[in-house]
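Participant: Let me give you the structure first, and then I'll get to my questions.
The values are calculated or read from the model by the stated rules, or taken from the named source; none is laboratory data. The structure presented is a predicted model; accordingly, all values stated were derived computationally and were not measured. Quick reminder, even Gly has a Cβ in these numbers, built from the backbone with ideal geometry, and neighbours come from all protein chains shown.
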Amino acid sequence: MDALTAARLPLVVRPPASIAADMSWSGMAGISSLLLSASIIAALITGTINLTLARRRSREEERARVRNTFAEAFKAYSEYREFPNAIARRDAARAADERQRLFEALRQLDARLAFYRTWALLEAPAVGAVYEALLEEARALTDKAMRTAWSQPVDADDVDHNLDPRLLDPAALTSAEAAFREAVAAHLRKLAPRWS
């Protein structure tokens, strides 16, 4: 039979039952293994995507936690830096109570500073060293200013009284503050997800 005659013959369609009868178990196993491997591949891809997204979210949460804690550490430092002005504005009418209140507030502030110093040294030693240097510079200025503030008489009419700016010059700490901010920014860049 030539190709032209074969093309004119009617196409014989076999019923599905005869196709199924002709198909062997090995053919069925091949199809099922193909479907099974495709579903396994889809599950692996989905799992990989979910793990990647979970890791990214975890790194973002960790970065936010570290950023907030370093901000709190800087806030504690700022409160300490301003403490001589709180002493200068103490209530002269209740001298004993004010002394006790200010000493207790300073004790609590020192405890917070010690916590943040230790936390920073453990979390990021480079940032911790810069924070410690910042605190040492602040202590050198602030302790002298606090002694001066305690020795000065309090003017009851001047609630906005501050110490002489030459005694406690915030500009003297600008470079140490900038170094702390730069160290924190560098540490946070290390914690950023690589694909963000």
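One line per residue, one yes/no per condition, for (1) outside any helix (DSSP H, G or I); (2) under 32 Å from the mean Cα position of the chain (by Cα); (3) crowded, with 16+ Cβ neighbours inside 10 Å; (4) of a type outside the set (Phe, Trp, Tyr):
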position	(1), (2), (3), (4)
78	no, yes, no, yes
84	no, yes, yes, yes
97	no, no, no, yes
101	no, no, no, yes
104	no, yes, no, yes
113	no, yes, yes, yes
116	no, yes, yes, no
121	no, yes, no, yes
128	no, yes, yes, yes
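Participant: Go through (1) closer than 21 Å to residue 138 by Cβ; (2) modelled with pLDDT under 85; (3) touching a helix residue (DSSP H, G or I) at 6+ places or on another chain (Cβ under 8 Å) one by one and return the number of the condition residue 72 breaks.
Facilitator: In the conditions (1) closer than 21 Å to residue 138 by Cβ; (2) modelled with pLDDT under 85; (3) touching a helix residue (DSSP H, G or I) at 6+ places or on another chain (Cβ under 8 Å), residue 72 misses (2) alone.
Results for (1) closer than 24 Å to residue 188 by Cα; (2) in contact (Cβ under 8 Å) with a residue 60 or more places away in the chain; (3) in contact with a Lys or Arg (Cβ under 8 Å, 6 or more places away or on another chain); (4) among the acidic types (Asp, Glu), shown as yes or no for each residue.
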site	(1), (2), (3), (4)
107	no, no, no, no
110	no, no, no, yes
113	yes, no, no, no
117	yes, no, no, no
121	yes, no, no, no
125	yes, no, no, no
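Participant: If residue 97 satisfies every condition in (1) farther than 18 Å from residue 75 by Cβ; (2) out of contact with any helix residue (DSSP H, G or I) (no Cβ under 9 Å at 6 or more places or on another chain); (3) at pLDDT 95 or above but one, which is the exception?
Facilitator: Against the list (1) farther than 18 Å from residue 75 by Cβ; (2) out of contact with any helix residue (DSSP H, G or I) (no Cβ under 9 Å at 6 or more places or on another chain); (3) at pLDDT 95 or above, residue 97 comes up short only on (3).
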